[in-house]
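All remarks here apply to the structure that follows.
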Amino acid sequence: MITIKDVEHVAKLARLELTEDEKVLYTKQLGDVLKYVDQMNEVDTENVKPMCQVIDFKNVMREDKVIHDISKEDLMKNAPDEENGFFRVPKIN
Amino acid sequence: MENLRDKYEVVIGLEVHAQLKTKSKIFAPDSTEFGQEPNSLTCPITLGMPGVLPVLNKECVNMGILTGLALHCTIPHRCKFDRKQYFYPDLPKGYQISQYDEPICVNGYIDINGKRIGITRAHLEEDAGKLVHAGANGIAGSTYSLVDLNRAGTPLLEIVSEPDMRSPEEARNYMEELRSIVRYVGVCDGNLEEGSMRCDANISIMPKGSKEFGTRAEIKNLNSFAALEKALEFEIDRQIEIVEEGGEVVQETRLWDEGMKETMTMRGKEDAHDYRYFPEPDLMPLEISDEWVEKIRATMPELPRAKRERYMGLGLSEYDANIIVEQMGLALFFDKVLTLGANPKTAVNFIMGEISAYLKEQHCEISDTKLTPENLAELLDLIEKKTISNNIGKQIIFDMLKDGTSATKIVEAKGLSQITDESALKDIAQKVVDNNASQVEAYRGGKNQLFGFFVGQVMKETKGRANPQAVNKILKEILG
């Protein structure tokens with residue numbers, strides 16, 4: 001069961017500010033999602049190794065080579081705010 | 001505080017981040033160069049743009065395996081990457097890619113002064129970017145932050161020790177040996193001041209004889225060996241004081257303040273990060289075969305411990321061996337000189353004497369001088385062959401350090417070769433005897449101590465180039 005405290009905790013970790021109404025709403029919605037997913041616990045997984053990938057690939061790697069094909073100017077175009085070549089962001093507590 | 005300390009046992013474990021010396025980042029092809037213009041080493045992957053995919057740098061895996069082997073770790077056949085979630089602008093994705101429950105190295109150790117310090121694990125992860133807090137002085141009064149993501153994605157190997165250390169000195173020794181190892185295997189610069197190697201310490205105290213560890217504090221911001229030792233000393237006293245006054249140490253993260261020489265609360269248990277790790281779906285697991293591990297093992301250079309032992313086997317004192325191994329540049333130089341056939345003891349005399357003195361005076365490394373191993377080996381050979389005396393050698397080494405001239409050239413240009421030709425020495429000795437008639441008379445009258453005077457005069461005439469044994473022999477013949 002998910003409680004309002006869980007929602008407040010998750011919101012804090014994501015730096016989200018929620019109204020009291022939103023907290024109630026999300027508590028129910030998140031609870032429903034978890035309850036739905038919880039059905040999977042009905043399957044017996046006693047002797048099954050945890051899976052972390054759905055495709056059977058392994059050892060996908062690249063050589064240690066520097067590639068720089070997009071200019072700093074172009075990359076910085078996506079910055080909402082910029083100062084002297086730095087990204088400028090609000091103060092984080 | 002000193003006798004109070006006898007009542008308690010200190011328990012220390014270290015988490016060390018070593019920046020791996022690859023050319024490109026761990027999951028993106030940006031350069032890892034230090035000191036570049038802000039945000040000039042980024043790409044859509046580093047910036048966390050939607051839809052981008054990280055691809056693992058093979059060299060990071062190779063370096064992880066090599067370091068693990070040097071630390072006597074097991075390299076599991078399988079490892080994987082996980083997302084460590086935290087919301088902070090130093091990593092724009094909103095998570096750090098790290099390894100949680102299946103790290104690349106497990107169960108190793110380092111021996112320091114006969115004591116074994118366990119290594120729980122070592123895992124690969126990406127570094128975060130750098131934040132500059134602006135708008136006011138210091139983090140507290142700042143109104144906004146500036147982000148430089150050049151460092152974001154730089155490969156790190158986090159090496160976690162067991163809580164096996166029992167004093168700040170032991171922690172320092174462990175850290176020094178670990179630094180030496182990562183430097184010798186060539187995976188990390190080991191520069192604490194510049195942050196290419198960073199250390200967090202976990203420390204707790206418990207009554208002597210107790211089996212149960214006390215509550216630990218984690219200390220951050222330890223940018224030098226001195227800071228590590230001082231912060232731990234401070235923390236021991238702080239924790240003892242709390243316990244002695246009937247209080248309880250609280251689990252928290254503390255920051256070492258180098259200016260104030262104290263640790264202070266950074267965040268408490270209630271603010272402890274809740275990282276919500278889960279497997280990184282964008283990266284495939286790694287399967288590391290025995291063949292791969294053995295291929296890496298075959299490239300393992302000599303480790304500091306083996307080097308020290310080899311040097312002592314060559315007749316170096318433990319002190320000299322330690323000092324040379326500590327300075328990797330000097331040790332590699334010394335090894336090269338040895339492979340060129342130099343006598344180890346003569347070589348050490350020069351390295352520990354004149355060369356070290358010069359490096360200290362100039363505040364530089366051997367690689368910053370013009371001296372080459374070939375030149376030093378040649379000089380030592382001239383001494384060995386008695387072409388020049390040891391003293392002449394010690395004079396000309398400074399010219400060789402400064403301008404890289406070969407010893408043979410200096411000896412020829414300055415006419416410094418030792419005079420062993422007996423007839424030439426005989427002429428000089430005869431001249432000295434002829435010019436000092438009164439001393440000769442006194443000597444022959446029984447003043448034996450005057451013999452040294454004649455040797456000195458011959459040396460003066462030859463500017464120190466005469467072979468002392470030959471001079472003694474000739475003077476004895478002439479003076480009778």
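Bear in mind that the values in this text are calculations on the coordinates, not laboratory data. None of the values given here were measured: they were computed from a predicted structure. Counting neighbours? That spans all protein chains shown, and the Cβs are built from the backbone with ideal geometry, glycine included.
Relative contact order, percent, of chain B when contacts are C-alpha pairs under 8 Å separated by at least 6 residues?
In percent, rounded to a whole number, it is 14.
Once Lys and Arg get +1 and Asp and Glu get -1 on their Cβ, which of A:Ile55, A:Leu75, A:Leu34 lies farthest toward the positive end of the dipole of the range A:1-84?
Going by the charge dipole, the pick is A:Ile55.
Going by how many other Cβ atoms sit within 10 Å of their own, how do B:Glu258, B:Glu218 line up, fewest first?
B:Glu258, B:Glu218
Cα axis of helix B:422-435 to longest principal axis of chain B: angle in degrees, 0 to 90, nearest 10?
So the helix axis and the longest Cα principal axis differ by about 70 degrees.
Can you give the charge dipole size of the range B:77-230 about its Cα centre, rounded to the nearest 20 debye, using +1 on the beta carbon of Lys and Arg and -1 on the beta carbon of Asp and Glu?
Here the size comes out at about 260 debye.
For chain B, which cysteines have no second Cys with its Cβ under 4.7 Å from theirs?
Flagged as lacking a Cys partner: B:Cys43, B:Cys60, B:Cys79, B:Cys188, B:Cys199, B:Cys364.
Run the dipole for the range B:398-480 about the Cα centre, Lys and Arg Cβ at +1, Asp and Glu Cβ at -1, nothing else charged, and hand back the magnitude in debye, nearest 20.
180 debye
Using a Förster distance of 41 angstrom, determine the FRET efficiency expected from the C-beta separation of B:Gln327 and B:Lys473, and round it to 0.05.
The computed FRET efficiency comes out at 0.45.
Quick one: net charge of A:Phe87's neighbours, Cβ under 10 Å, K/R +1, D/E -1?
-3
Among B:Val16, B:Ile428, B:Tyr95, whose Cα sits farthest toward the positive end of the charge dipole of chain B (+1 at Cβ of Lys/Arg, -1 at Cβ of Asp/Glu, about the Cα centre)?
My answer, from the dipole projection, is B:Ile428.
Return B:Leu14, A:Leu13 ranked ascending by Cβ neighbour count within 10 Å, so the fewest neighbours appear first.
A:Leu13, B:Leu14
Listed highest first by mean packing, meaning other Cβ atoms within 10 Å per residue, what order do B:39-47, B:347-355 come in?
Ranked from most to least packed, the peptides come out as B:39-47, B:347-355.
Could I get the Rg over Rh figure for chain B? Both from C-alpha atoms, Rh via Kirkwood, rounded to two places.
1.14
Rounded to the nearest 0.05, what FRET efficiency is calculated for B:Glu422 and B:Ser317 with R0 set to 41 Å and r the Cβ-Cβ distance?
Here the calculated transfer efficiency is 0.60.
Would you mind putting B:154-163, A:64-73 in packing order, based on average other-beta-carbon counts within 10 Å, highest first?
Answer by packing, highest mean first, reads B:154-163, A:64-73.
Would you kindly derive the ³J(HN,Hα) couplings of the range B:330-345 from the backbone phi angles with the Karplus curve 6.51 cos²θ - 1.76 cosθ + 1.60 (θ = phi - 60°), listing them in order in whole Hz, with x for Gly and Pro?
These are the phi-based 3J(HN,Hα) values: 5, 5, 5, 5, 4, 4, 5, 4, 5, 5, 7, x, 6, 6, x, 5 Hz.
For peptide B:279-288, compute the average count of partner chain beta-carbon atoms within 10 Å of each residue's beta-carbon.
4
Taking the simple approach of a point 7 Å from Cα along Cα-to-Cβ for both B:Tyr144 and B:Met266, what is their distance in nm?
The answer from the label model is 2.7 nm.
To the nearest Å, what is the center-to-center distance of the range B:65-141 and the range A:15-83, using C-alpha atoms only?
20 Å
Counting pairs of alpha carbon atoms under 8 Å apart in space and at least six apart in sequence, what relative contact order in percent does the range B:141-262 give?
It comes to 21 percent, rounded to a whole number.
Fewest to most neighbouring Cβ within 10 Å: what's the order for B:Cys105, B:Cys60, B:Cys364?
Listed from fewest to most nearby Cβ atoms, that is B:Cys364, B:Cys60, B:Cys105.
Given bins 20 angstrom wide, list per bin the percent of all Cα-Cα distances in the protein assembly as shown, short to long.
All Cα pairs, binned at 20 Å, distribute as 16, 39, 27, 13, 5, 1 percent.
State, to one decimal in nm, how far the label point of A:Asn78 lies from the label point of B:His273, with both points 7 Å from Cα in the Cβ direction.
Using points 7 Å along Cα→Cβ, the separation is 2.3 nm.
To the nearest 0.05, how large is the calculated FRET efficiency for A:Val66 and B:Phe34 if R₀ is 22 Å and r is the Cβ-Cβ distance?
That gives a FRET efficiency of 0.95.
Please give the net charge around B:Pro468, taking every other residue with its beta carbon less than 14 angstrom from that of B:Pro468, where Lys and Arg add +1 and Asp and Glu add -1.
Around B:Pro468, the charge tally is +4.
Could you work out the Kirkwood radius for the range B:60-141, taking every pair of different alpha carbons, averaging 1/r and inverting it, reported in Å?
15.1 Å
Which residues does a label at A:Asn41 reach in the range A:1-29, if reach means a backbone N under 13 Å from a point 7 Å past the Cα toward the Cβ?
The answer is A:1-2, whose backbone nitrogens lie closer than 13 Å to the label point.
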